[in-house]
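Following: one structure in structure tokens, then a few remarks.
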């Protein structure tokens, strides 16, 4: 799971008031099990989160680093988003460290706000037949392997021609 945190951005799925899904991305930082994003009021996902704080995020292995594109390592988390009235200074320091003071300083003067994303549950897939559910217990991510018969071949109906 740690290698996924090396990704600089998260994919985000939000919904409109009418429950129409939308997908986007944002640079992020992580402190313990909380994710922080710093996004503009002009971004569509900003307004989605203000109307509905439920958000799904995904961290996924880079395409260039995988051997099998159908089985990229990935983690999806269902989160609750909260717009912070004041910037979390620890998160801000991480943003400056990871993305540079030159990038972050102007954003702080613009229409950007910080959101805290708190995971509620999710799933991690490390390859074919290697999936686990993620539950949050006492603030920690607990993984439970998904067991079963796994992937099966489809039964092919043979058509006979006379």
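Among the residues of region 113-127, none qualifies, meaning not one is modelled with pLDDT of 90 or more and more than 20 Å from the chain's Cα centre (by Cα). If you go through region 49-81 and keep only what is part of a helix (DSSP H, G or I) and surrounded by 13 or more Cβ atoms within 10 Å (Cβ to Cβ), you end up with 49, 50, 71. Within region 1-11, none of the residues are touching a helix residue (DSSP H, G or I) at 6+ places or on another chain (Cβ under 6 Å), surrounded by 13 or more Cβ atoms within 10 Å (Cβ to Cβ) and assigned to a strand (DSSP E or B). List pairs: first in region 139-153 and under 25 Å from residue 117 (Cα atoms), second modelled with pLDDT under 85, Cβ under 6 Å, 6+ apart or cross-chain? Filtered contacts from region 139-153: no entries. When each of 98, 102 is tested for being surrounded by fewer than 17 Cβ atoms within 10 Å (Cβ to Cβ) and in contact with a strand residue (DSSP E or B) (Cβ under 9 Å, 6 or more places away or on another chain), the lone residue that passes is 98.
The values are calculated or read from the model by the stated rules, or taken from the named source; none is laboratory data. Computed from a prediction, not measured in an experiment: that's the story for all the values here. Methodologically, a virtual Cβ is constructed for each residue, glycine included, from the backbone with ideal geometry; neighbour enumeration extends over all protein chains shown.
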